[in-house]
Amino acid sequence: MKYISTRGAHKEGVSSAYAIKTGLACDGGLFMPESIPEIDLEFIRELSALSYPERAARVLSLFLEDYGYDELLADAHAAYSEDKFVPSPAPITALSGRKYMLELWHGPTCAFKDMALQLMPRLFTRALRKCGEDRTALILVATSGDTGKAALEGYRDIDQTKIQVFYPVDGVSRVQKKQMQTQEGHNVSVAGIEGNFDDAQNGVKAIFSDGDIVKRLEGTGVFLSSANSINWGRLVPQIVYYISAYCDLCLSGAIRLGDRIDVCVPTGNFGNIFACYIAKRMGLPVGKLVCASNKNNILTDFLSKGVYDRNRHFYATMSPSMDILISSNLERLLYLLFGSERCAELMMELRERGRYTITAEELSLINADFVGYYTNEDECAATIRRTYENEKRLIDTHTSVALSAAERYMDDYETPSAMLVVSTASAYKFAADVLLSLGGDVPENDLDAPAVLSQLTGTAVPSPLLEAISKETVHKAIIGRTKEDMAEAVINFAKE
Ligand SMILES: *Cc1c(COP(=O)(O)O)cnc(C)c1O
């Protein structure tokens, strides 16, 4: 299977290893497989008998043809081992009224980013070897919280790579900050930026496209790469858990093989929900994809009006991992539905005017699969409280955004299908806001919030978070917010 750019470059196709090593296509587009492999009900039936790592290897091998099945199986076993994902990588729990929750936060950093970032570094080092690359890769990450920690944990102590993370000093939750500041590993660097997430992201992007810096790094035998969800290596592991979830729903008797399910995903960069769309295109019986946003409802507007407009106010919400105005992976959907020429045209409009409009016919094509809902802050808090009181289930702020959207969708459309709601983080990662939503008192020190939440609800703080809270802070660096400040940190770390 060859890979091509969403904007038309690489027409002859590149290998999956090259796409994973490079991250971004040479015309600024994203890599996509030339065609989508197909699965049938028999494939799903066979998969049902397998463990999660085996299911992962089977699905990945359809997309990554230049990786051997044995390589993929070894990597999946290492990534999704029982000591990393407790009790298992992607368990499903039932809620009332044909709703099911797919819990993707049982990994080492307690957010769904682990599902991709435990596997991707392994695919990445193999890609370096397959491409004959002998330089060291420096993975640069700008994070609003969850990606940074998951990438650090995934890439720590991985051969031939270093990882450097920049986070906004006041733009992440207290628990998230502590998780990053206590990171172990011989190849990691973490720095706070005296600015917001946009400053961090703009700095990283500017470093990537600065020829002088790239040359200086070359001199030390280092090249830059990214771990963001624009990389196909991060997207492809996410397809697996939708197919796996369908298997588990069949095994539990919740649905019969062939029944359609609807899926609701809390969405920021459009990566997670797009992975579900690929699974649907492969042949997984999925009905509607409900795209759930928080108060930053740019995608809800796009899915109802066909106008994507990022000239709008940016809100800092209690679901910060979805506070995003540019949903990069939407580009992949535009490409699949409308082709590379139209996709490139729309992306140019976005770059030049900060907005683009699709036609009514194009919008109806998208609406055949996608519907958008957004959840404001009050409703997010109310859903956390209602779900705890009525179902005895503790959910985090991002999951709450999705559950509220799913419930309104089911009311509006009265479909008979089962609804799979994707749960993306442990409630303890956002303990202070969850406590507030439950009507509890938030302690003065936010790092005490998990213990208070645990006491209030009689549930346990996940052990990786307990560990991070009690560990010594080692990464104390705080630097300025300009590109020059960040570039200096990058060059110094590359030399280490
Ligand atoms: C990253 C993240 C999201 C958004 O996922 P996308 O793939 O960016 O749409 C939702 N919830 C949590 C907890 C996250 O960390």
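The values are calculated or read from the model by the stated rules, or taken from the named source; none is laboratory data. All values derive from a computational prediction rather than experimental measurement. Virtual Cβ from ideal backbone geometry, glycine too; neighbours counted across all protein chains shown.
Given the options MET410, MET486, name the one that is aliphatic (A, V, I, L, M), at pLDDT 95 or above and over 28 Å from VAL188 (Cβ atoms).
On the way: MET486 fails: over 28 Å from VAL188 (Cβ atoms).
Being aliphatic (A, V, I, L, M), at pLDDT 95 or above and over 28 Å from VAL188 (Cβ atoms) holds for just one of MET410, MET486, which is MET410.
Would you point out the residue of region 316-325, among those that are over 14 Å from the mean Cα position of the chain (by Cα) and surrounded by fewer than 23 Cβ atoms within 10 Å (Cβ to Cβ), that is farthest from the ligand (Cβ to nearest atom)?
Of the residues in region 316-325, the ones over 14 Å from the mean Cα position of the chain (by Cα) are 316-318, 325.
Then drop every residue that is not surrounded by fewer than 23 Cβ atoms within 10 Å (Cβ to Cβ), which leaves 316-317, 325.
Working: ALA316: 15, THR317: 12, LEU325: 12 Å.
The extreme case among them is ALA316.
Within the set of pairs 6 or more residues apart or between chains, which connect a residue that is small (Gly, Ala, Ser) inside region 100-113 to a residue that is within 12 Å of the ligand (Cβ to nearest atom) and assigned to a strand (DSSP E or B) with Cβ atoms less than 7 Å apart?
Matching pairs, first to second residue: ALA111/ALA425.
Confirm whether LEU119 is under 21 Å from SER51 (Cα atoms) and either modelled with pLDDT of 95 or more or under 18 Å from the mean Cα position of the chain (by Cα) (or both). Break it down stepwise before answering.
Details: under 21 Å from SER51 (Cα atoms): yes; either modelled with pLDDT of 95 or more or under 18 Å from the mean Cα position of the chain (by Cα) (or both): yes.
Considered against the rule, which asks whether it is under 21 Å from SER51 (Cα atoms) and either modelled with pLDDT of 95 or more or under 18 Å from the mean Cα position of the chain (by Cα) (or both), LEU119 comes out as yes.
Are any residues in region 129-174 crowded, with 21+ Cβ neighbours inside 10 Å, among the aliphatic types (A, V, I, L, M), out of contact with any Leu (no Cβ under 7 Å at 6 or more places or on another chain) and not in a strand (DSSP E or B), and if so, which ones?
The answer is LEU152, VAL172.
Is there any pair with a first residue in region 254-268 that is under 21 Å from ALA405 (Cβ atoms) and a second that is part of a loop (DSSP other than H, G, I, E, B) and more than 16 Å from the ligand (Cβ to nearest atom) whose Cβ atoms are under 7 Å apart and which are 6 or more apart or on different chains, and what are they?
Taking only residues 6 or more apart or on different chains, the pairs are ARG260/PRO285; ARG260/SER417; ILE261/ILE255; ILE261/PRO285; ILE261/SER417; ASP262/THR415; ASP262/SER417.
Which condition breaks for ASP378 when tested against (1) buried (at least 18 other Cβ atoms within 10 Å of the Cβ); (2) more than 19 Å from ILE298 (Cβ to Cβ); (3) out of contact with any Cys (no Cβ under 7 Å at 6 or more places or on another chain); (4) not basic (Lys, Arg)?
Of everything listed in (1) buried (at least 18 other Cβ atoms within 10 Å of the Cβ); (2) more than 19 Å from ILE298 (Cβ to Cβ); (3) out of contact with any Cys (no Cβ under 7 Å at 6 or more places or on another chain); (4) not basic (Lys, Arg), ASP378 misses just condition (1).
For region 1-97, which fully contained helices (runs of 4 or more DSSP H) count at least 2 residues that are over 24 Å from ASN329 (Cα atoms)? So that I can check it myself, show each step before the final result.
Details: elements: 16-22, 41-48, 52-63, 69-79.
Answer list for region 1-97: 41-48, 52-63, 69-79.
Tell me the residue from VAL452, VAL422 that is in contact with a Pro (Cβ under 8 Å, 6 or more places away or on another chain) and surrounded by fewer than 17 Cβ atoms within 10 Å (Cβ to Cβ), please. Walk me through it before giving the result.
On the way: VAL422 fails: surrounded by fewer than 17 Cβ atoms within 10 Å (Cβ to Cβ).
Within the list VAL452, VAL422, the selection yields VAL452.
Any residue at all in region 342-353 that is touching a residue at least 60 places away in the same chain (Cβ under 8 Å), within 15 Å of ARG7 (Cβ to Cβ) and of a type in the set (Lys, Arg)?
Quick first cut of region 342-353, residues touching a residue at least 60 places away in the same chain (Cβ under 8 Å) only: 343-344, 347.
After this cut, where a residue has to be within 15 Å of ARG7 (Cβ to Cβ) as well, the list is 343-344, 347.
Imposing the further condition that a residue be of a type in the set (Lys, Arg) reduces the set to none.
For region 342-353, residues touching a residue at least 60 places away in the same chain (Cβ under 8 Å), within 15 Å of ARG7 (Cβ to Cβ) and of a type in the set (Lys, Arg): absent.
Can you pull out the residues in region 405-432 that are among the hydroxyl-bearing types (Ser, Thr, Tyr), away from the ligand (no atom under 14 Å from the Cβ) and in a helix (DSSP H, G or I)? Break it down stepwise before answering.
Initial filter on region 405-432 (among the hydroxyl-bearing types (Ser, Thr, Tyr)): 409, 413, 415, 417, 423-424, 426, 428.
Next, only the ones that are away from the ligand (no atom under 14 Å from the Cβ) stay: 409, 413, 415, 417.
Matches in region 405-432: TYR409, TYR413.
Any residue at all in region 445-452 that is within 23 Å of the chain's Cα centre (by Cα), away from the ligand (no atom under 16 Å from the Cβ) and not in a loop (DSSP other than H, G, I, E, B)?
Going through region 445-452, the residues within 23 Å of the chain's Cα centre (by Cα) turn out to be none.
No, because not a single residue in region 445-452 is within 23 Å of the chain's Cα centre (by Cα), away from the ligand (no atom under 16 Å from the Cβ) and not in a loop (DSSP other than H, G, I, E, B).
Which of the helices (runs of 4 or more DSSP H) found entirely inside region 221-315 contain at least 3 residues meeting this: within 12 Å of the ligand (Cβ to nearest atom) and either within 20 Å of the chain's Cα centre (by Cα) or surrounded by fewer than 23 Cβ atoms within 10 Å (Cβ to Cβ) (or both)?
Values: elements: 232-251, 271-282, 298-305.
The qualifying helices (runs of 4 or more DSSP H) are 232-251, 271-282.
Give TYR167, TYR246 a once-over and let me know the one that is within 27 Å of TYR67 (Cα to Cα) and among the aromatic types (Phe, Trp, Tyr). Write out each step before concluding.
Numbers: TYR167 fails: within 27 Å of TYR67 (Cα to Cα).
Result: TYR246 is the single residue among TYR167, TYR246 that is within 27 Å of TYR67 (Cα to Cα) and among the aromatic types (Phe, Trp, Tyr).
Restricting to region 332-368, what's the tally of residues that are exposed (fewer than 13 other Cβ atoms within 10 Å of the Cβ), in a helix (DSSP H, G or I) and among the hydroxyl-bearing types (Ser, Thr, Tyr)?
Adding up the residues that qualify gives 1.
Give just the number: which of (1) farther than 20 Å from GLY23 by Cα; (2) within 12 Å of the ligand (Cβ to nearest atom); (3) of a type outside the set (Lys, Arg) does LEU102 not satisfy?
(2)
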